[in-house]
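Quick one: the structure is below, questions incoming.
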Amino acid sequence: MSEHTPEDSLRAAEHRASTLPATAAETSPENPWPLQVLSHKLKAHIDRTPAAWVEGQLIELNNRGKSAFLTLRDVDAEISLPASMWSNTMERLEAPLERGSRVVALLKPEFWLKTGRMNMSVRDIRPVGLGDLLARIERLRQALAAEGLFAESRKKQLPLLPHRIGLITGRDSDAMKDVLRNAALRWPAVQFEIREVAVQGVNAVAQVIGALTELDANPEVDVIVIARGGGSMEDLLPFSNEELIRAVAAAVTPVVSAIGHEADRPLLDEVADLRASTPTDAAKRIVPDVNEELQRVHYALGQIRRSVTLRVERESERLQTLRTRPVLASPEGMITVRADDVDRLTARSRSAITTAVVRAGDQLDHLRAQVLALSPQKTLDRGYAVVQHDGGAQDGQVVRDASQVHNGDELRIRVAQGKFLATVGQLQPEQTG
């Protein structure tokens, strides 16, 4: 029986390693990886992962000799992570850790080959104090302010009388009761659309954003109130969450912040369209007081009545003043004066027309006398006659010279009274001298 030397085992291992798939994608049922290969590759990959600082809430802490086991939970989501650390890490802390405290921890993932388990090793851990939280909120406040999310110009005006109010508040909380009671006292007809959510803890941000989105999409909701009855700074941290602040800034419906914490104002107060000091104050500022409004209506009606009465009295006095004027006291006088003017102008017109007609008549008689004196009839009346040819080629021609007629020609002779025909019997030449 032959013996296997260490050199033979090494050569066998090298030969087998040369035939294994290089990557996980190349493995198959016929050519799988040995488990140790996968474990070594996982460990090598995890060992290359750098340590990371994370923030969370310490919900479990168990000390077991030289090591401690703890569980961290995300401050804004239902995500937990177990981890372990050596007791000397805790000994470096000035104050012992307590369950529920907020911490930042330096975590480094580790993989145990023998058990195939991964562990989160805590290399360092520090509690987050109130001062750290306030400083972090202040940095976020400055960053969001630089973006213009807190500018007054982008804030929306609340309706004068909202028909339906969206209310986001804790389950069966005093804040909800205060808002409902005080709003109903001021305006009994007001209606609410209520969403009861977690207002602190890891679920607060997600539930408040979900309720805000739902109410903002409802067209019947005129204004949204986010109310909580105060609390410690740690309890109010969800209302300084950046995601929530941006959701409020993006809302179309006006949002009222009624957190009720005067000492340290959450960022919700900065981005909201209206900040109320308490839920009771929010109810007073979003709906008017029906009694005050009725008093204003009565006062306005009184003002209107006084204004109308004063206007009527003023116009009556003005009308009376107009009626006492001479032109209105005796309006026929104005007509009489105009009638006299018309008569006078009529007489002048008739006189001018008569004078013009007489003058034109005289001119016509004078011209007629001139025409008659110069007419051919006057010449005939003095014994002259007009002799014309009668018939022939020269019919109608006036005879001005004896040479124009011959013996036997027919002539037409016009005298002062009538005309007659004559026949030329004998021509006599004109004697001169």
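Each value in this text was obtained by applying a stated rule to the coordinates, not by laboratory testing. Source: prediction; values computed, not measured. In this analysis, Cβ positions are derived from the backbone assuming ideal geometry, glycine residues included, and neighbour counts consider all displayed protein chains.
Given the DSSP H assignment, sum -39500 (n - 2.57) over each helix run of at least 4 residues in the chain and divide by its residue total; what's the result at 222 nm in deg cm²/dmol, nearest 500?
That calculation yields -14000 deg cm²/dmol at 222 nm.
So how strong a dipole does the chain carry about its Cα centre when Lys and Arg Cβ are +1 and Asp and Glu Cβ are -1, to the nearest 20 debye?
The calculation lands at about 1500 debye.
A follow-up question, please. By how many nm would the segment from Trp86 to Arg348 grow when fully extended, if each residue of separation counts as 0.36 nm and the alpha-carbon distance is taken off?
Difference between extended and current length: 80.8 nm.
Pull up all non-local amide H partners of Val225: gap of 5 or more, or a different chain, and H-to-H distance under 5 Å with H placed in the peptide plane.
Placed amide hydrogens put Gly166, Leu167, Ile168, Val256 under 5 Å from Val225.
Among Asn63, Leu149, Val297, whose Cα lies farthest out toward the positive end of the dipole of the chain, if unit charges sit on the beta carbon of Lys, Arg (+1) and Asp, Glu (-1)?
Value: Val297.
With springs only between Cα atoms under 10 Å apart, run a GNM on the chain and tell me which of Val415, Val128, Val205 wobbles the most.
Among Val415, Val128, Val205, the largest mean-square fluctuation in the Gaussian network model of the chain belongs to Val415.
What do the square roots of 5 times the Cα gyration tensor eigenvalues come to for the stretch 380-423, in whole Å, largest first, as semi-axes of the equivalent ellipsoid?
19, 11, 9
For Thr169, Thr19, what ranking results if the residue with the fewest other Cβ atoms within 10 Å of its Cβ goes first?
In increasing order of surrounding Cβ atoms, one gets Thr19, Thr169.
Using only alpha carbon pairs under 8 Å that are at least six residues apart, calculate the relative contact order of the stretch 134-288 and give it in whole percent.
It rounds to 29 percent for the stretch 134-288.
Using the Karplus curve 6.51 cos²θ - 1.76 cosθ + 1.60 with θ = phi - 60°, what ³J(HN,Hα) values do you get for each residue of the stretch 27-34, in whole Hz, with x for Gly and Pro?
Once rounded to whole Hz, the list reads 6, 7, x, 7, 9, x, 7, x.
Positive end of the dipole of the stretch 380-423, charges at C-beta (+1 Lys, Arg; -1 Asp, Glu), about the Cα centre: which of His389, His406, Ala416 has its Cα farthest in that direction?
Ala416
Which lysines have a Cα lying under 30 Å from the Cα of Lys156, excluding residues fewer than 8 positions away in the same chain?
Within the straight-line limit of under 30 Å, Lys156 reaches these lysines: Lys177, Lys284.
Take the alpha carbon atoms of the chain, find their radius of gyration, then divide it by 2.2 N^0.38 Å using N residues; give the quotient.
2.86
Under 30 Å Cα to Cα from Lys419, which lysines show up? Leave out anything in the same chain fewer than 8 places away.
Excluding near neighbours in sequence, the set is Lys378.
Once you charge only the Cβ atoms, +1 for Lys and Arg and -1 for Asp and Glu, what is the size of the charge dipole of the stretch 49-128 about its Cα centre, to the nearest 20 debye?
The dipole magnitude comes to about 380 debye.
Between Rg and the Kirkwood Rh of the stretch 102-251, both from Cα atoms, what is the Rg to Rh ratio?
1.11
When the chain is modelled as a GNM with alpha-carbon springs shorter than 10 Å, which of Lys43, Lys155, Lys177 fluctuates the most?
Lys43
Shifting gears a bit: Of Ala329, Leu364, Leu380, which is farthest along the charge dipole of the stretch 308-406 in the positive direction, counting Lys and Arg as +1 and Asp and Glu as -1 at C-beta?
Ala329
Using the 10 angstrom Cβ neighbour count as an exposure proxy, how do Glu317, Glu234 rank, fewest first?
Sorted ascending by nearby Cβ count, the order is Glu317, Glu234.
Moving on. Any lysines with Cα under 28 Å of the Lys43 Cα? List them, leaving off those in the same chain fewer than 8 positions away.
Answer for Lys43, where 28 Å is the Cα cut-off: Lys66, Lys108, Lys114, listed by chain and number.
Continuing with the same structure: Would you mind checking the radius of gyration and Dmax of the stretch 49-128 based on alpha-carbon positions, in Å?
My reading of the Cα-based Rg and Dmax gives 12.2, 36 Å.
Follow-up. Provide Leu167, Leu267, Leu427 in ascending order of the number of other Cβ atoms located within 10 Å of each residue's Cβ, fewest first.
Arranged by neighbour count, lowest to highest, Leu167, Leu267, Leu427 become Leu427, Leu267, Leu167.
What percent do you get for the relative contact order of the chain when only Cα pairs under 8 Å and 6+ apart count?
Reported relative contact order: 9 percent.
For Ile125, enumerate residues with amide H under 5 Å from its amide H, sequence gap 5+ or separate chain, H modeled in the peptide plane.
Distant-sequence amide H within range of Ile125: Leu106.
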